[in-house]
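The values are calculated or read from the model by the stated rules, or taken from the named source; none is laboratory data. Predicted model, so just to flag it, every value in this text is computed and none were measured. Please note: Cβ atoms are built from the backbone with ideal geometry, for glycine as well, and neighbour counts cover all protein chains shown.
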Amino acid sequence: MHTGGDKRTRWHKKLFTFLDRGRVRTIEQLSSMYGRSENHIRKVLAGRVVTSLNHKRQYIASKEWIEKKADRYGFVRKHGRIFHKKGDIDKVLGYLACAIPWGITQAEAREKTSRDCSQPLNELVRTGRLACAKVNGIKIYLHPKRMEIQLKNRVTNRRVCPEPRESDEDDIVLPLEDIITTFNSMMGDTMNGLRDLSVHLIRYFKEDTYRGVEIRLKLDERIRRICNIEEYEIMDYSTICRHFNQIPFDEIKKIFCMLVNELQEERVIKGRYLVVDSTHVFAWANTNKDTEMHGVDFAEWGEHQGQFYGYKVHIIIDAEAELPIAIKLTPGDYHDRTMYLPLIDEVTKNYDFDDVIAVFGDGAYYDEDLFRITEKRLNCTLNAAMNPRRSTPLQKLKKKIKEIFEAHKEEIHTIEDAMKFIPQQILTKYGADPGTRKESAIIGAIRERLNRHLRAAVERVFSRAKGFYLLDRPRTRKPDSVLKHVLMCFICMLLVALTATKKGLPNNKLKLAKVF
């Protein structure tokens, strides 16, 4: 009896060792090899092996071996036989639909498992374990509680191609008369001092100082007519300056929000792809004297493309329209990340953007808390450039992603294309299991690089505001007046876009140089 037990133990060990080395066999083959019945083999191997997903589940492999060799989604392929660490096809499909950030289709499931999956997928939907939605007539199987975010992720799973620009056939000049008429018709009688505000708009469009706009009003009859001012009513520069300082900030902000809403109604601003970023604004100061003696109220030394003394403009733009939708001003030493939530609050409070697909940002916004806030508040993902900070595995991962895009740029069309080039060893070391927050952050970083052309739109917005309206050179020191200056720069940009749209000149929406 004792000897028989030893023999059984030795036979069991040989069988387990054989399978743990990655051997793939059928129960019938193992029965022939070890001279035991098929039922006995099954009892011995119960709980230690996984059956193949294809070939009618005839082949078995060691569960321990599969755990070691599985790819990022748990698959092992050997000689045309496909295994998964979850084992049963229902568990595998349920796992894939929930773990893959953009869900799975029947065709994708068939590609991964090499078998028809329509029946088990539909059964999972019927029993409530999965949800199902149609996109362009194709069924997508999704996590029941995350299906909306997964559907949005599917859109940005591949490079987003912006709508093509129209031809230049309507590329003509936009008269100031039309822009001021658009502004007046939009405002109606909702604001006192409307005539004087037109003077300030002219000041920004002409990049004038207060003295300059006074001289322009005296010498240019056309400008007086645009502003509806008689020659004897011309204000001196100090009165114009004092009037601007007396305009309540809330009124300026109200105008900004009204313009965004008007452009949303015109379907220029769609609010599908948002970009968040910041830029510097110089304080109106002699930095050597003012910062050493007493400083300028609200201004601080900061780092942004080198050292500067002043403020930071934090902004969210619509990437497709290349127009601003939310703005905040802080001292120059504020970190970009600190203003992300206030900007999101501005968007959700002032606008009805129900279909935000994704938010893009640079490495300053690569933060676990911001990822969660974006999902909760906007029901979409924040895709920020990877910021390794003090994480060595993350530094290697960022370097690897950069190398992949430089070496295989033409081959990468989707996130999955990029993920194929990342060694599983790096992902495992970082702890990026499918469906986890870490994996989602990596996918967000790849999506940001894949759609970097969308994030680049914010730099063009800043460039236009600085180039045409002197955004970074406010000629005032009062914090409220500096913020009003920033808002006025972007109000002018929005007014040009709205006027061009209403005149049927979509090509001129962003061409500020065409304003005359």
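Which residues, counting only those in the stretch 235-250, are crowded, with 17+ Cβ neighbours inside 10 Å and either in contact (Cβ under 8 Å) with a residue 60 or more places away in the chain or more than 45 Å from the chain's Cα centre (by Cα) (or both)? Outline the logic, then answer.
Pass one, the stretch 235-250, residues crowded, with 17+ Cβ neighbours inside 10 Å: 235, 240-241, 244, 247.
Across the stretch 235-250, the qualifying residues are Met235, Phe244, Ile247.
Residues of the stretch 349-377 that are under 16 Å from Ile327 (Cα atoms), touching a helix residue (DSSP H, G or I) at 6+ places or on another chain (Cβ under 6 Å) and not hydrophobic (A, V, I, L, M, F, W, C): Asn350 alone.
Taking strands (runs of 3 or more DSSP E) as the structural unit, those lying wholly within the stretch 25-89 and holding at least 1 residues that are over 39 Å from the mean Cα position of the chain (by Cα) correspond to 49-51, 59-62.
Taking (1) surrounded by 21 or more Cβ atoms within 10 Å (Cβ to Cβ); (2) at pLDDT 95 or above in turn, Gly128 satisfies each apart from (1).
Which residues, counting only those in the stretch 42-57, are closer than 15 Å to Asp88 by Cβ and without any contact (Cβ under 8 Å) to a residue 40 or more places away in the chain?
Result: Ala46, Gly47, Val49, Val50, Thr51, Ser52, Lys56, Arg57.
Considering only residues in the stretch 490-516 that are assigned to a helix (DSSP H, G or I) and of a type in the set (D, E, K, R), the one that is modelled with the lowest pLDDT turns out to be Lys514.
Of the set (1) under 23 Å from Val155 (Cα atoms); (2) surrounded by 15 or more Cβ atoms within 10 Å (Cβ to Cβ), all apply to Asp355 but (2). Highlighted here are the helices (runs of 4 or more DSSP H) found entirely within the stretch 235-309 that include at least 1 residues which are small (Gly, Ala, Ser): 237-246. Any residue at all in the stretch 18-27 that's polar (S, T, N, Q), closer than 30 Å to Glu111 by Cβ and in contact (Cβ under 8 Å) with a residue 40 or more places away in the chain? There is no residue in the stretch 18-27 that is polar (S, T, N, Q), closer than 30 Å to Glu111 by Cβ and in contact (Cβ under 8 Å) with a residue 40 or more places away in the chain. Applying the set (1) over 15 Å from Arg129 (Cβ atoms); (2) out of contact with any helix residue (DSSP H, G or I) (no Cβ under 7 Å at 6 or more places or on another chain) to Ala97 leaves exactly one unmet item: (1). Starting from residues that are assigned to a helix (DSSP H, G or I), surrounded by fewer than 13 Cβ atoms within 10 Å (Cβ to Cβ) and among the acidic types (Asp, Glu), keep the ones in the stretch 185-234 and report whichever is modelled with the highest pLDDT. Per the criteria, the residue is Glu221. For the stretch 62-83, a residue qualifies if it is more than 22 Å from Phe421 (Cα to Cα) and free of Cβ contacts under 8 Å to residues at least 40 places away in the same chain, and exactly one does: Lys63.
Among the residues of the stretch 302-311, some residue qualifies, meaning at least one is in contact with a helix residue (DSSP H, G or I) (Cβ under 8 Å, 6 or more places away or on another chain) and either β-branched (Val, Ile, Thr) or modelled with pLDDT of 90 or more (or both). When Leu487, Leu471 are checked against the criterion of being outside any helix (DSSP H, G or I), out of contact with any Leu (no Cβ under 7 Å at 6 or more places or on another chain) and under 18 Å from Ile316 (Cα atoms), Leu471 stands alone in meeting it. Filter the stretch 116-135 for residues that are in contact with a helix residue (DSSP H, G or I) (Cβ under 9 Å, 6 or more places away or on another chain), in contact (Cβ under 8 Å) with a residue 12 or more places away in the chain and in a loop (DSSP other than H, G, I, E, B) and give the result. Across the stretch 116-135, the qualifying residues are Cys117, Arg129, Leu130. Part of a helix (DSSP H, G or I) and either among the acidic types (Asp, Glu) or surrounded by fewer than 18 Cβ atoms within 10 Å (Cβ to Cβ) (or both), is that true of Leu341? Yes: the conditions hold for Leu341.
Inspect all residues belonging to the stretch 41-51 and state whether any of them is at pLDDT below 95 and under 16 Å from Thr113 (Cα atoms). Within the stretch 41-51 (the criterion being at pLDDT below 95 and under 16 Å from Thr113 (Cα atoms)), the answer is yes, since at least one residue qualifies.
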